[in-house]
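Take a look at the following structure, please.
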Amino acid sequence: MNWTGLGAIAAALWLAPALAPAASAPQEEDSVPYVPTPQPIVEGMLDLAQLGAGDMLIDLGSGDGRIVIAAARRGASGLGIDRSSPLVARARMLARSQELPGRTRFEQGDLFAARIRDANVVTLYLLPTVNLALRPKLLNELRPGTRIVSHAFDMTEWSPDEHRVVQEKNLYLWIVPATVGGEWQLTMADGRTAMLAFDQRFQQISGTIDGVPIERPVLRGDRLRFVMPTPQGPQLYQAIVGDRSIDPDPAASPKGVTGWQALRID
């Protein structure tokens, strides 16, 4: 773990409705010593992320590059970002020695200025204050469905989607949620319309259709699922959330409601 010189960072808050503001970045320089992640923990982090060939991993605070190198061995591409020039140089040397430079890249830079949108897996081994300060960037810049894995430290009120213990060390997984909070006009296959409204706090959601509460809502990345009680029985909605629309998931169970669409009103 190596991350120094946080400085005065203006971390923008995630603007999804009903989400609580995240803590601002620390205003004084922190000095975080480099602490290598044991290899079994590295592999446990990649297992938790379900990293596979074709994935793009970014390791924020990459140290000697061992997470990026392990990802490359699994067929993924990886980028490591660290503030320490000697560690970046060492990571490049280790990648060359294992004949992995084509799938690995290492840059010296500020974690808060890094371009991370291309990642579908992000790994962290930082400090609690740094995780919290990075949280708005992760939520704002990463695409829904991106997996984030942290060694040792969580993100306070953003509860992990999964938690594992490997060799007595805590590992946490979050799936970046789509922004579903707000009001949507739901149009059914027969042309009937209704008001679909969601309250959202990170991946935790609740909602109503024309004021009637939905049941068993689940949001995982951009995949949405809920049940609408009706006099004819429960109706299952399985959907993909876009920026301005919610559409039936074509890969979902055939038991779900089809032929509908919801468009954002606000």
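Step by step: first the residues of region 168-192, then only those that are open to solvent by 10 Å² or more (accessible area, probe 1.4 Å) and β-branched (Val, Ile, Thr), then the one that is farthest from the chain's Cα centre (by Cα). Which residue is that? So that I can check it myself, show each step before the final result.
So in region 168-192, the residues open to solvent by 10 Å² or more (accessible area, probe 1.4 Å) come out as 168-170, 172, 175, 179, 182-183, 185, 187-192.
Narrowing further to those that are β-branched (Val, Ile, Thr): 175, 179, 187.
Values: Ile175: 4, Thr179: 12, Thr187: 30 Å.
Ranking the candidates gives Thr187 first.
Filter region 252-265 down to the residues that are β-branched (Val, Ile, Thr) and open to solvent by 50 Å² or more (accessible area, probe 1.4 Å), then identify the one that is farthest from Ala194 (Cα to Cα). Write out each step before concluding.
In the first step, residues of region 252-265 are kept if they are β-branched (Val, Ile, Thr); the result is 257-258, 265.
Checking the rest, the ones that are also open to solvent by 50 Å² or more (accessible area, probe 1.4 Å) come to 258, 265.
On the way: Thr258: 15, Ile265: 12 Å.
Among those that are β-branched (Val, Ile, Thr) and open to solvent by 50 Å² or more (accessible area, probe 1.4 Å), it is Thr258.
Checking Arg143 against (1) assigned to a helix (DSSP H, G or I); (2) at pLDDT 95 or above: exactly one of these is not met. Which one?
Arg143 satisfies all of (1) assigned to a helix (DSSP H, G or I); (2) at pLDDT 95 or above except (1).
Write out, first by first residue and then by second, each pair whose Cβ atoms fall under 6 Å of each other, whose residues are 6+ apart or on separate chains, and whose first residue, in region 170-196, is over 21 Å from Leu138 (Cβ atoms) while the second is charged (D, E, K, R) and part of a strand (DSSP E or B).
Trp184/Arg264
Six or more apart or on different chains, Cβ atoms under 7 Å: show the pairs whose first residue is in region 117-133 and free of Cβ contacts under 8 Å to residues at least 60 places away in the same chain and whose second is of a type in the set (Gly, Ala, Ser).
From region 117-133, the pairs are Asn131/Ser150.
Hey, among the residues in region 248-266 that are part of a strand (DSSP E or B) and in contact with a Phe, Trp or Tyr (Cβ under 8 Å, 6 or more places away or on another chain), which one's nearest to Glu183 (Cα to Cα)? Before the answer, list the steps.
The initial filter retains those residues of region 248-266 that are part of a strand (DSSP E or B), namely 248, 261-264.
Still in the list and also in contact with a Phe, Trp or Tyr (Cβ under 8 Å, 6 or more places away or on another chain): 248, 262-264.
Values: Pro248: 17, Ala262: 9, Leu263: 9, Arg264: 6 Å.
Filtering region 248-266 for residues that are part of a strand (DSSP E or B) and in contact with a Phe, Trp or Tyr (Cβ under 8 Å, 6 or more places away or on another chain), the one nearest to Glu183 (Cα to Cα) comes out as Arg264.
Next up: I'd like to verify a number: residues in region 208-251 that are under 13 Å from Leu186 (Cβ atoms), open to solvent by 60 Å² or more (accessible area, probe 1.4 Å) and among the hydrophobic types (A, V, I, L, M, F, W, C), how many?
1
Considering only region 42-65, state which residues are crowded, with 19+ Cβ neighbours inside 10 Å, in a helix (DSSP H, G or I) and not small (Gly, Ala, Ser).
Once the filter is applied, which keeps residues that are crowded, with 19+ Cβ neighbours inside 10 Å, in a helix (DSSP H, G or I) and not small (Gly, Ala, Ser), region 42-65 yields Val42, Met45, Leu46, Leu48.
Does Met195 satisfy the condition of being surrounded by 15 or more Cβ atoms within 10 Å (Cβ to Cβ), in contact with a strand residue (DSSP E or B) (Cβ under 7 Å, 6 or more places away or on another chain) and modelled with pLDDT of 95 or more?
Considered against the rule, which asks whether it is surrounded by 15 or more Cβ atoms within 10 Å (Cβ to Cβ), in contact with a strand residue (DSSP E or B) (Cβ under 7 Å, 6 or more places away or on another chain) and modelled with pLDDT of 95 or more, Met195 comes out as no.
Out of region 144-160, which residues are out of contact with any helix residue (DSSP H, G or I) (no Cβ under 8 Å at 6 or more places or on another chain) and open to solvent by 50 Å² or more (accessible area, probe 1.4 Å)?
Correct list: Pro144, Glu157, Ser159.
The values are calculated or read from the model by the stated rules, or taken from the named source; none is laboratory data. Keep in mind it's a predicted model, so treat the numbers as computed, not measured. In this analysis, Cβ positions are derived from the backbone assuming ideal geometry, glycine residues included, and neighbour counts consider all displayed protein chains. Side chains are part of the model used for accessible areas, which takes the heavy atoms of the whole protein and leaves out ligands, DNA and RNA. Shrake-Rupley method; radii C 1.70, N 1.55, O 1.52, S 1.80 Å.
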